[in-house]
1. Condition (residue is out of contact with any Lys or Arg (no Cβ under 7 Å at 6 or more places or on another chain), surrounded by 12 or more Cβ atoms within 10 Å (Cβ to Cβ), under 24 Å from residue 245 (Cβ atoms) and charged (D, E, K, R)) applied to segment 143-160: is it met by at least one residue?
2. So which pairs qualify, if the first residue must be in segment 251-275 and buried (at least 17 other Cβ atoms within 10 Å of the Cβ) and of a type in the set (Lys, Arg), the second must be part of a strand (DSSP E or B) and at pLDDT below 80, the Cβ gap must be under 9 Å, and the two must be at least 6 apart or on different chains?
3. Going by the conditions given, is residue 77 exposed (fewer than 13 other Cβ atoms within 10 Å of the Cβ) and more than 22 Å from residue 207 (Cα to Cα)?
4. Could you give every pair whose Cβ atoms fall below 6 Å, whose first residue belongs to segment 45-70 and is on the phi > 0 side of the Ramachandran plot, and whose second residue is surrounded by fewer than 20 Cβ atoms within 10 Å (Cβ to Cβ) and not in a strand (DSSP E or B), counting only separations of at least 6 or pairs across chains?
5. Name the residues in segment 230-269 that are modelled with pLDDT under 85 and either touching a strand residue (DSSP E or B) at 6+ places or on another chain (Cβ under 8 Å) or closer than 17 Å to residue 214 by Cβ (or both), would you?
6. Can you pull out the residues in segment 106-117 that are touching a helix residue (DSSP H, G or I) at 6+ places or on another chain (Cβ under 7 Å) and assigned to a helix (DSSP H, G or I)?
7. Taking residue 142 as meeting all but one of (1) more than 22 Å from residue 231 (Cβ to Cβ); (2) in a loop (DSSP other than H, G, I, E, B), write down the number of the exception.
8. How many residues does segment 106-122 hold that are surrounded by 15 or more Cβ atoms within 10 Å (Cβ to Cβ) and out of contact with any strand residue (DSSP E or B) (no Cβ under 7 Å at 6 or more places or on another chain)?
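The values are calculated or read from the model by the stated rules, or taken from the named source; none is laboratory data. This one's a predicted model, so the numbers in the text were calculated from it and none came from an experiment. Cβ sites come from the backbone with ideal geometry, for glycine too, and all protein chains shown count toward neighbours.
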Amino acid sequence: MDIIVLNNENITEYEDYIAPDAAENLSREYYRGLVVCDDTEPLAALIWELIYYEDYDNDTEAKLIWIKVSDDAAYKDLLNEYSEMARRDGVVRTSFEFSDDELKEYKDLLADEGFKIKEQEGSDLMFTVGDLKLLRIAKLLKTPSYICNLGMLKNRSFRRGIVDCVYNIKRRLPEDIIRLPMEWFEPEISCYEESDGDSNGFLLIHKCPSGRLKIELLADWGPDAKKELVHMIAFTLKRAFEIYPDDTEIILHRFDEPSRKLAGYFFPQLKGNVGIFGTRTE
């Protein structure tokens, strides 16, 4: 069997085997992937993200985001090669959170590889454009003229705004937010708070190959940040209502306290799917 390191150039060779929403992340700086194949077809694959990779204040960790296994022997080879790659990247701890039913099926296989596993509510909250139409904020008729869709911002100003965001927002942000191109985000529903030609805040949304919309960043560092966050949310809701059908799914990843508060404020009764969580020391 052959073990192949996945990247943005060769991932299309395995598009029938690897989930598109996972595969597209291999174009990003801190994502890695492996596939094990025999002479004719892939037998196992894994994609993961490096956490704190260039953060000198924290140990490097890895988070598995997707796995598929069609052969037990290939799975062993896959995990052995993963461990070697993780070692080279300085990973000290690996974790995963799987809420999709097809991924939860690998609970026992992962436990056999030394992962300590528990079940609890998942971090991802899923809702639809139709659900958003029921929110009180959806009735906010006007948003200020300085809340603009991302398509109006020049790339150089976008890059400067992201740097300002990283400098001013004192909480964890997506690991590679400073490296993601502006094209990663939907220009018509993503937005920013304009201030003298620059930006004081962003609401950035990515459209996955599946058609799902994923909220990647919501942050404001201007003098009236809380009010402008509401304005940006209202702006994005209105554009989403105009562009997307009611059954379009939206993902909010509750990875820190602000994102959990946001979810609790708008959807106090909504819960995430029960998932399996695993960790092991490398």
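1. no
2. If the second residue must be part of a strand (DSSP E or B) and at pLDDT below 80, no pairs are left.
3. When the stated conditions are applied, residue 77 does not pass them.
4. Within 6 Å, the pairs are 52/58; 52/60.
5. If the condition is that a residue be modelled with pLDDT under 85 and either touching a strand residue (DSSP E or B) at 6+ places or on another chain (Cβ under 8 Å) or closer than 17 Å to residue 214 by Cβ (or both), then 255, 256, 258, 259, 260, 262, 263, 266, 267 are the ones that fit.
6. If the condition is that a residue be touching a helix residue (DSSP H, G or I) at 6+ places or on another chain (Cβ under 7 Å) and assigned to a helix (DSSP H, G or I), then 109 is the only one that fits.
7. The number of the failed condition is (1).
8. Qualifying residue count, segment 106-122: 1.
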